[in-house]
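To start, the structure under review is shown below, and the notes come after it.
Please treat every number below as a calculation from the coordinates, not as lab data. Values in this document were obtained by computation on a predicted structure and should not be read as measured data. So basically every Cβ, Gly included, is an ideal-geometry build from the backbone, and we count neighbours across all protein chains shown.
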Amino acid sequence: MVDGYSLHLRQPLALCANLGSEMAEAPQIYVGTAGWSYKDWEGIVYPAQIKKSQHPVEFLANYLDVLEINTSFYGHVKPEWGKLWSRMARAVNPAFMFTAKLNRAFTHAPVPVMQSSSAETIRASDEDERLAKEGFESLAVEGTLGAVLIQFPISFKNTGPNRVHLDSVIEKFKQFPLVVEVRHNSWTNDGTLRYFAEKGVAFCNIDQPTLGKAVIPSEHVTAPMAYVRLHGRNYDQWFDSDSRNDRYDYLYTDPELRGWKTRIDAIGEKAQKTFVIANNHFEGKAAVNALQLKAMISGKQVKVPEMLLKKYWELGEIAMPKT
């Protein structure tokens with residue numbers, strides 16, 4: 001079916017229309033952040049030099065439902081780390097989950113600033129595959145692996161060779177729950193969604209600046225697990241900034257979050273598990289928006305880190321009183 005999902009189908013796609021009846025009665029929505037190891041979070045999200053007394057994962061598991069491991073994009077998760085993170089998080093939050101990015105060797109050209117990422121330029125080795133699987137398995141055996149995120153850049157377009165490459169990556173890692181993030185709008189057609197549904201792979205619904213051929217916000221559910229990633233809307237800094245931090249220096253407003261809350265509610269009705277990840281990480285803004293969304297979705301006040309509450313007055317409206 002690889003050749004079949006490049007076409008825009010004329011008939012409306014009743015995609016996963018009956019998923020709801022097959023799902024558990026109480027779908028779960030997990031809200032968290034992309035990553036946790038940011039220097040600029042010290043003294044804002046958690047106490048300065050926290051690593052001397054407590055691991056950031058253990059600290060954040062008190063407040064968030066999920067963390068997306070993004071270090072696995074740059075270097076494979078070591079099995080001992082995966083097990084340690086899982087046990088620390090579950091000790092304070094028994095329902096806590098992780099998701100993890102697939103290493104960039106499978107999704108990006110070695111030097112993406114010099115060449116587009118495509119089937120012709122992406123070069124992953126057998127060793128990359130072995131190490132990636134070992135890392136994901138260390139989370140899976142602890143029961144904390146919610147999803148493996150296969151994230152492609154906007155230069156990865158919907159072409160025949162790229163569809164073959166995507167299919168091969170899915171086949172390599174099909175033992176894990178998979179979600180695919182594509183950013184070029186050539187992928188947003190009924191054929192792509194139908195292919196994802198046939199493979200049982202989740203389509204990643206994203207929020208990003210809608211520049212050029214970028215994917216626009218959506219609420220697709222193509223598998224029992226669903227996924228949302230919020231990157232911020234820093235239009236001026238998305239491609240032109242000298243610092244990657246500028247891209248993610250964005251705090252969603254209440255109306256913007258409520259727009260996504262409506263989408264997430266719709267997604268959550270069709271999926272067994274929905275993961276909502278805030279990636280606007282600069283100076284803890286991802287944690288702020290994640291907590292706000294968690295409060296919106298649950299309709300309840302939430303625990304808020306004390307230092308974060310001092311930095312962002314917006315959290316005072318949703319913060320659970322101290323006991």
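A few notes on this one:
- Label of the coordinate-derived value, Cα Rg over 2.2 N^0.38 Å, listed as (1) 0.96; (2) 1.25; (3) 1.10: (1)
- The stretch 248-323 and the stretch 86-155 have Cα centres separated by 25 Å.
- Computed Rg/Rh of the stretch 78-162, alpha carbon atoms with Kirkwood Rh: 1.09
- Checked against a 31 Å cut-off, the cross-linked pairs K133/K199; K83/K213; K174/K285; K78/K213 give Cα-Cα distances beyond that limit for K83/K213; K174/K285; K78/K213.
- The chain: angle of helix 190-199 to the longest principal axis, Cα-based, in degrees nearest 10: 80 degrees
- Positive minus negative residues near A266 (Lys, Arg vs Asp, Glu; Cβ under 14 Å): +1
- Under a Gaussian network description of the chain, with springs only between Cα atoms under 10 Å, the residue in T274, T210, T33 that fluctuates furthest is T210.
- The chain: angle of helix 160-172 to the longest principal axis, Cα-based, in degrees nearest 10: 60 degrees
- Angle between the chain longest axis and helix 254-268 axis [Cα atoms, degrees, rounded to 10]: 60 degrees
- Value at 222 nm in deg cm²/dmol, rounded to 500, when DSSP H runs of n ≥ 4 in the chain each add -39,500 (n - 2.57): -9500 deg cm²/dmol
- Among residues other than M320 with Cβ under 12 Å from its Cβ, the summed charge is +2 (Lys and Arg +1, Asp and Glu -1).
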